[in-house]
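Undergrad: Once you've had a glance at the structure underneath, I'll fire off some questions.
Each value in this text was obtained by applying a stated rule to the coordinates, not by laboratory testing. Worth saying up front: this structure is predicted, and the values here are computed from it rather than measured. Please note: Cβ atoms are built from the backbone with ideal geometry, for glycine as well, and neighbour counts cover all protein chains shown.
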There are 2 protein chains.
Amino acid sequence: MRYKAGLETRDKILQATRKLIASEGMDGTTIKAICDQAGVLPGSFYNLFDSKEQAILSVVRQAIDAVDPDPDHLGTDTLSDLVEAYIEFVTEQGDLARVYIRLAVSGSANNPEIWGRTMRHHQGRVARFAAAISREHPLMSELETERRAETLVTALNGVTLHRVMDPGFDVSVHARALLTDALAGV
Amino acid sequence: MRYKAGLETRDKILQATRKLIASEGMDGTTIKAICDQAGVLPGSFYNLFDSKEQAILSVVRQAIDAVDPDPDHLGTDTLSDLVEAYIEFVTEQGDLARVYIRLAVSGSANNPEIWGRTMRHHQGRVARFAAAISREHPLMSELETERRAETLVTALNGVTLHRVMDPGFDVSVHARALLTDALAGV
DNA sequence: CTGTTATTTGAGCATAGACTCTAATTTGAG
DNA sequence: CTCAAATTAGAGTCTATGCTCAAATAACAG
């Protein structure tokens, strides 16, 4: 892939794949469906991707990146910043949020590649949350900080999980409540 | 199906289906895999079930029933009882917990039957949690009670979601933390 | 323009999956 | 024991899916 046309086609295919994973799931996303949606024929698909799995992995990477735009930036985010960023991700990028949740369930089950990625991402995320908590509560033990961060991150994913099922579910209310509760007793 | 042999075969098939959904997911669960695992041939399967979907739905029902053994019993459970029961379910019945989480993601997406069941179950569960909160905090407004119940139930599902990915994840610690936090600021 | 390389086309292959059918076997009520 | 009904066996059908390939077309560096 070196010409402009190829790059555009690649993009159309990835968009189609993303939309399909979000609506049909990983297994329900077929080559035919991707090609129809992208307005492309199988030959073109296989000119740009080695396999269906490769296209799916690209979308998986997009989703993970979208959750945590800058995972190494152990910066000055407050816990509230992190939660608000997550709320925005879930509400503004519905398709990617769906992909993100499906990752954990369908993807991780039988694909070690996806499982590894997801777990590493989760750990990084917990570390980031823990750092924020630690900044706001310097006296809290490291163990306690870590535990609170992990509880919060998994709980937030639960909220997203429910949102994926029920589009009317108000993510922001429940996510903010989790944030408040998480540090209420400190 | 009226003879004893048929009932036993039916049972073997459902066990196999349950195990397979837990390990491979709904789409990964094929007739051949079910039959191999159950030690049965396709002809027997279709003598007892109309379709693959019917077998899956039976297991789905099992999973939902196992989460909330007695959903109409708006009894005297405390919130802690409910959380502990859920912890036990997740840790003691790993396969069904996996099925339960997959329900929400893979199942609900394209199967209105499963989606409806899951949503109804969720509502019932939230109501049960809300009733327990209300009993323990009679002065709390109904709206607030409901919201706290819903946050807690979805957060607990998030903990289960993570446990499904990482068997080493300590459900009880995080679930109990959610319980404590949920009412810490009251 | 030209020639090389990238891209697209679309028919086609191989495999796997859901499900069917008929003949044989087993069950158990009377 | 008997016989109708239930169950099992297992080969076979049909469709969908992932992927390939050779030929035709488009892109673009020089």
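Undergrad: Cα-based Rg (one decimal) and Dmax (whole number) for chain A, in Å?
TA: Over chain A's Cα set, Rg and Dmax evaluate to 18.4, 60 Å.
Undergrad: Out of B:151, B:118, B:76, any idea which swings most in a Gaussian network model of chain B, alpha carbons joined below 10 Å?
TA: B:76
Undergrad: Which residue, A:116, A:124, A:168, tops the fluctuation ranking in a GNM of chain A built on C-alpha contacts under 10 Å?
TA: Most flexible of the set in this elastic network: A:168.
Undergrad: Continuing with this model, one more query. Based on the alpha-carbon gyration tensor of the protein assembly as shown and its eigenvalue square roots a ≥ b ≥ c, which shape applies: rounded if a/c is under 1.5, prolate if not and a/b is larger than b/c, or oblate? Display every interim value, and only then the final one.
TA: Working: a/c = 2.03, a/b = 1.09, b/c = 1.86.
It comes out oblate by the Cα gyration axes.
Undergrad: How large is the dipole of chain A about the Cα centre if only Lys and Arg carry +1 and Asp and Glu carry -1, each at its Cβ, rounded to the nearest 20 debye? Before the final figure, lay out the partial values.
TA: Values: 20 positive and 26 negative charges, 130 e Å.
With Lys and Arg at +1 and Asp and Glu at -1, about 620 debye.
Undergrad: Quick one: if the Förster radius is 35 Å, what FRET efficiency do residue B:51 and residue A:50 give, using the C-beta to C-beta distance and rounding to 0.05? Mind showing how you got there, number by number?
TA: On the way: r = 35 Å, r/R0 = 1.00.
With R0 = 35 Å, the Cβ-Cβ based efficiency is 0.50.
Undergrad: Something else now. Please list, in order along the range A:143-154, the HN-Hα scalar couplings obtained from phi with the Karplus expression 6.51 cos²θ - 1.76 cosθ + 1.60 (θ = phi - 60°), rounded to whole Hz, x for Gly and Pro.
TA: The phi angles translate into 4, 5, 4, 4, 4, 5, 4, 5, 4, 5, 4, 5 Hz.
Undergrad: Provide an ascending nm list, one decimal, of label-point separations from residue A:7 to the equivalent residue in each further copy; define each label point as 7 Å from Cα along Cα→Cβ.
TA: 6.9
Undergrad: Also, I was wondering about something else. Kirkwood hydrodynamic radius for the range A:38-78: how many Å is it when counted over pairs of different Cα atoms?
TA: By the Kirkwood definition, the hydrodynamic radius is 12.6 Å.
Undergrad: While we're here: For the range A:13-40 and the range B:118-186, compute the distance between their C-alpha centroids and round to whole Å.
TA: Here the answer is 35 Å between Cα centres.
Undergrad: Could you size up the charge dipole of the protein assembly as shown around its Cα centre, putting +1 on the beta carbon of Lys and Arg and -1 on that of Asp and Glu, and report it in debye to the nearest 20?
TA: Charge dipole, the protein assembly as shown, about its Cα centre: 1240 debye, nearest 20.
Undergrad: Mind checking A:173-184 for the average number of partner chain beta-carbons within 10 Å of each residue's beta-carbon?
TA: Details: counts 3, 8, 3, 1, 9, 8, 0, 4, 12, 5, 3, 7.
If you average over the peptide's residues, the count of other-chain Cβ atoms is 5.
Undergrad: Using each residue's phi in the range B:92-105, evaluate 6.51 cos²θ - 1.76 cosθ + 1.60 at θ = phi - 60° and report the 3J(HN,Hα) Karplus result to the nearest Hz, with x for Gly and Pro.
TA: For the range B:92-105, the Karplus-derived couplings read 8, 10, x, 4, 5, 5, 4, 4, 4, 6, 5, 3, 4, 9 Hz, x marking Gly and Pro.
Undergrad: Classify the range A:93-137 as rounded, prolate or oblate from the Cα gyration tensor: take a ≥ b ≥ c as the square roots of its eigenvalues, call it rounded if a/c is under 1.5, otherwise prolate when a/b beats b/c and oblate if not. Mind dumping the intermediate values first?
TA: Details: a/c = 4.22, a/b = 1.82, b/c = 2.31.
Verdict is oblate for the range A:93-137.
Undergrad: Ok, one more. Normalising by the residue count of chain B, find the relative contact order in percent from Cα pairs under 8 Å and 6+ residues apart.
TA: On the way: 163 pairs, mean separation 38.0, N = 186.
Relative CO of chain B lands at 20 percent.
Undergrad: A further question follows. Can you list the distances in nanometres, one decimal and ascending, from the residue B:30 label point to the identical position in each other copy, with the point 7 Å along Cα to Cβ?
TA: The projected label point of residue B:30 is separated from its counterparts by 1.5 nm.
Undergrad: Any idea what the residue B:124 label distances to the other copies are, label 7 Å down the Cα→Cβ vector, nm, shortest first?
TA: Label-point distances to the other copies, shortest first: 4.2 nm.
Undergrad: Name the residue farthest towards the positive end of the dipole of the range A:60-129 from the options A:105, A:123, A:78, assuming +1 on Cβ of Lys and Arg, -1 on Cβ of Asp and Glu, about the Cα centre.
TA: Toward the positive end, the furthest listed residue is A:105.
Undergrad: Does the range A:82-186 come out rounded, prolate or oblate, given a ≥ b ≥ c as the square roots of the eigenvalues of its C-alpha gyration tensor, rounded meaning a/c under 1.5 and, failing that, prolate meaning a/b above b/c?
TA: Values: a/c = 2.44, a/b = 1.32, b/c = 1.85.
Verdict is oblate for the range A:82-186.
Undergrad: Expressed in nm to one decimal, what extension gain is obtained for the pair residue B:176 and residue B:31 from 0.36 nm per residue of sequence separation less their Cα-Cα distance? Intermediate results must be reported in sequence, preceding the final value.
TA: Numbers: separation 145, 0.36 × 145 = 52.20 nm, distance 3.96 nm.
In short, 48.2 nm is gained.
Undergrad: Please work out which residue of chain A brings its Cβ closest to the axis of the rotation superposing A onto B, and round that distance to whole Å.
TA: Rotation axis A onto B, closest Cβ, rounded to whole Å: A:158, 1.
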